[in-house]
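Notes to accompany the following structure.
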Amino acid sequence: MVSAMRRGATARVFKPMTNADRESSPAIARAADARSPFVRLAEMLADAAPGKPPINLSVGEPQHPIPSFVGPVIAAHINDFGRYPAGKGTDGFRRAAAGWLGRRYRLERPLDAESEIVALAGTREGLFLAAIAARRWVAARAGRPAILIPNPFYAAYAAGAIAAECEPVHLAATAANGFLPDLDALDDALLGRTVAFYLASPANPQGSVADLPYLRRLAGQARRFGFLVFNDECYSEIYTRDPPPGMLEAAGPDCAHVVSFHSLSKRSNLPGLRVGFAAGDRRFIEKYLDLRNVAAPQVPVPLQEVAVAAYADETHVEANRRLYAAKFDLADQIIADRYGYRRPAGGFFLWLDVARHGGGEAVAGRLWRDAGLRVLPGRFIARDQPDGTNPGADYIRIAMVQDKDATAEALHRLVAALG
């Protein structure tokens, strides 16, 4: 068994990678050269005019109204913009986050707001820096350090793996395995060199949800082999039927080797607020905070006060969920059984199989030119597997973020264009 580095142990000193190192690892080289999927999409469509008035369905940016309390809370705390906030977040914010976790999930005990929660300037930077902190925290690996990533994936995971000088290992999340990484396919040799395992549940883009047995098994593997599980739960409050379980429910009373990441971007329609938090293993959180204190932006106090209000209120979250449900009702009716559509368990994306129509890139170009729909090719958020296949190649991702009328128009245009 590989155990985690103990508190107070000497920090790891890294030697920068050489060009020879990069050339010896094609996986690292490919990930290091990766660009934003939205930049790639813009380049792909740059010379094409939209066939109809454009509707942007490519970016997962919530468009529903922001909660009414946001402005008054900021105004009440406006003078707090005049001071530097603490890196770990205010006491009030961390208590609010801990309280919400206790109400939302079936935890074995309340989380300690002082030692098990840290504020983030949104989850993107938090997820990115977590990989670097994990590389410093875990014990020496049995081989080249690796970070495991679901494929398709959120770009910050791979960026963090490269920054931590770890090999990104992309785990195909396909229909054959319920759109989740197949834990049965992970051998001891790979797990023994794993630094961290990124998971998203509900998943972006497929909307799959990991159940508690899956999460418990993954937490057990992390404890056995000494790596960390980073579960990106930013879509946790947008679901079809049952609230998705969280990683902290599966971790045991000490939260050993697991960290959950949460954000207000999707839950509360506040993507521009840039407030989130990480919660979990206190030993890791301590080292993670050390890194964030020198490398990451603090979260302004007035924005943390908005978050305190947001985590105390479920009314706006329930209203938000109803808005998404109404749009998925439209998809049920308009798309029906086309393109392998199934209403997702969570999140706000459609993941449509368009292999019969030429694949994701061809269809994305066609929908823009013929129907004015801007959608994301699945290949742009996935990587080729060792066998040359790409789990996203046959798909397009559609963000259901526009209002109901625009969504209905977009879905009708899609069906008219593809048949």
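What to note about this one:
- Helical runs assigned H by DSSP (4 residues or longer) give the chain a calculated mean residue ellipticity at 222 nm of -12000 deg cm²/dmol, each run adding -39500 (n - 2.57) before division by the residue total.
- Accessible surface ranking that places the most exposed of ARG379, ARG216 first, with a 1.4 angstrom probe: ARG216, ARG379
- Share of carbon and sulfur in the accessible heavy-atom surface of the stretch 178-272 [1.4 Å probe, %]: 48 percent
- From most to least packed by mean Cβ count within 10 Å, the peptides 151-158, 255-262 give 255-262, 151-158.
- Cross-link partners of LYS88 among lysines (Cα-Cα below 23 Å; sequence separation of 8 or more within a chain): LYS266, LYS287
- Charged side chains reduced to their Cβ positions (Lys and Arg at +1, Asp and Glu at -1) give the stretch 30-107 a dipole of some 520 debye around its Cα centre.
- Ranked by how many other beta carbons lie within 10 Å on average, peptides 324-330, 292-298 from highest: 324-330, 292-298
- Share, in percent, of DSSP beta bridges within the chain that are antiparallel, nearest 5: 45 percent
- Global form of the stretch 119-210, assessed from the alpha-carbon gyration tensor, a/c cut-off 1.5: oblate
- Spatial separation of Cα centroids for the stretch 324-360 and the stretch 84-142, in angstrom: 34 Å
- Once the 1.4 Å probe is applied to the protein heavy atoms, the chain comes out at 42 Å² accessible per residue.
- Length-normalised contact order for the stretch 334-378 - Cα pairs under 8 Å, 6+ apart - percent: 24 percent
- Karplus-derived 3J(HN,Hα) values for the stretch 177-194, using 6.51 cos²θ - 1.76 cosθ + 1.60 with θ = phi - 60°, are 10, x, 6, 10, x, 7, 5, 5, 7, 8, 8, 4, 5, 5, 5, x, 10, 7 Hz; glycine and proline are entered as x.
- Of the peptides 393-400, 101-108, the ranking by mean beta-carbon count within 10 Å, highest at the top, reads 393-400, 101-108.
- Across the chain, Cα pairs under 8 Å and at least six residues apart give a relative contact order of 24 percent.
- For the stretch 160-298, the relative contact order is 17 percent, taking Cα pairs closer than 8 Å that sit 6 or more residues apart in sequence and dividing their mean separation by the residue count.
The values are calculated or read from the model by the stated rules, or taken from the named source; none is laboratory data. From a predicted model like this one, the values you see are computed outputs, not experimental measurements. All Cβ positions, glycine included, derive from the backbone under ideal geometry; neighbour counts span all protein chains shown. With ligands, DNA and RNA removed, areas are computed over all heavy atoms of the protein, side chains included. Shrake-Rupley method; radii C 1.70, N 1.55, O 1.52, S 1.80 Å.
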